[in-house]
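Everything below concerns the one structure shown next.
The values are calculated or read from the model by the stated rules, or taken from the named source; none is laboratory data. Remember, predicted model here, so these are calculated numbers, not experimental data. All Cβ positions, even for glycine, are placed from backbone atoms using ideal geometry, and neighbour counts span all protein chains on display. Heavy atoms of the whole protein, side chains included, go into the accessibility calculation; ligands, DNA and RNA do not. Shrake-Rupley method; radii C 1.70, N 1.55, O 1.52, S 1.80 Å.
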Amino acid sequence: MKKLNLCAAGIAALFCTYCSDTNSTGDIAGTSEEMNEIADKGSSSSDTPEAESSSSIEDQKNSSSSEDVHTPPAGGNTLDAYVEQFGLQSKVRFDKAVMAISTGPYLLKQQPIDGSDPYTEFEKEGVAKFTQENIGEIEEYFPNAAETYAETVSAVKNGSNECALYSYNSYGNEKYAGLVLEYVSPDTLKVTGIAAKNCEETTGNMFVRFLVSYCGDLNKEPVIIENTVESSIKKEQCPAVNETEWVSTIDSEEIETCAPGSDCDGDGIPDGIYRPDLEPCDTDTLLYFYERHFQCVEGKWQYLPPPDSGDTRAQARNATVEPRQGMAVAPRVVMARNEDGTISIRDDGYNASNNFVIEAVYTELSGDTIIVDVIYPDGADVSSYQISALTFTVSKVYTNVKYIKYKDSDKVKEIYEVDELLPCASSTTCQECGEGLTC
């Protein structure tokens, strides 16, 4: 397959500055001022060919891409088909606010004699908004989407639209064979790069645009959360690098129902709030966010699904709470497996009410985390606490738990397995009872 590369002879000296490998989808290959400066230098240097007009470059692009004809996936040029061609339909998805994605080579333009900027806001990286004044340009950058969503485009033209149309523009990256806009909020976007080691053709030297419908104002310079996903497709299955548009199959009315504070992407978490679960992670740790538990797996937070309905909120047995006594050692949480298959858990760092009286202990399972809810009797003084030892027994359903979290706290503690729980109300690391205690 012939690679469509803007660093071809004729504009190599002008554009190869922008053909270097960038580190992320958020890196900007160059501002319009820098590009114009290079174009000026190119036209004044005796060793550098003059910058070609955009029309001549368009001719080059058409002649080059004519050999890169690629049969669309069976599903047609839809957003679902875009992901399916990489075999990633179960791993990544476009945000529901995304209406289309278009890809094409970035065309270098000559700077006008009057020194004005030759590039429109839709030809620069970042967020650009379609308005009544510029909505006509949607037919140039998203011709298929403009036809599919003709009513929405018409509403923008006459000013009757409830939700706005935006284009998020990004330079391609030579590391990736594709890009997916997975999350959209007023000031944060999550862009996932698809790395396919068998594909020689990538989005390098390409300009990628995402058409977004959003009922609110998107920041023109949002925070970009970058992520990478691997695709193992074979070389002969790699998509051709040419100018293509992929359009959502979601009904436009469904897209336009998304408003600030709603759940546009359907993940159960309102839009527009800070999402730590979308940030990269680098250790095998837990995250508790929006009443959900996530575990860091291979650099990405993974949601720990809730347990089956039959396993939720079970009452623990033999629940006791005692003041800590004995040696002053660091408390920890331990578990021991009993002969009948049950699990006994003990937390020597539990902050209990000063009267050390509890009514019951209820537990739930979330992935490999046990959620504990300690119930105090009516009238108990829960305004002041003292470090204590909380012990309880649960069923074999909790065999594989690794962490413990209390219902009224966001703190997650690791659970260590031991052969047996020591009977003294000290620390489970102690080897003997404290002075004056009988073990």
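Placing pseudo-labels 7 Å out from each Cα toward the beta carbon at Thr285 and Glu339 gives an inter-label distance of 4.2 nm.
Per residue, the accessible area of the stretch 107-188 comes to 43 Å² when a 1.4 Å probe rolls over the protein heavy atoms. Inter-label distance, Ser383 to Ile273: 3.0 nm, where each label sits 7 Å from its Cα along the C-beta direction. Take 207-220, 156-169 and order them by the average number of nearby Cβ atoms within 10 Å per residue, most first; the result is 207-220, 156-169. Which of Val374, Phe356, Ile345 sits closest to the plus end of the dipole of the stretch 338-378, meaning its Cα is farthest towards the positive end, when Lys and Arg get +1 and Asp and Glu get -1 on the C-beta? The listed residue farthest towards the positive side: Phe356.
Put simply, when 83-92, 181-190, 332-341 are sorted by average Cβ atoms within 10 angstrom per residue, most first, you get 181-190, 83-92, 332-341.
The accessible surface of the stretch 131-188, taken with every protein chain in place and a 1.4 Å probe, is 39 percent carbon and sulfur.
Using Cβ point charges alone (K and R +1, D and E -1), the dipole size of the stretch 156-212 about the Cα centre works out to roughly 40 debye. If you sort Tyr416, Tyr274, Tyr362 by accessible surface, 1.4 Å probe, largest first, the order is Tyr274, Tyr416, Tyr362.
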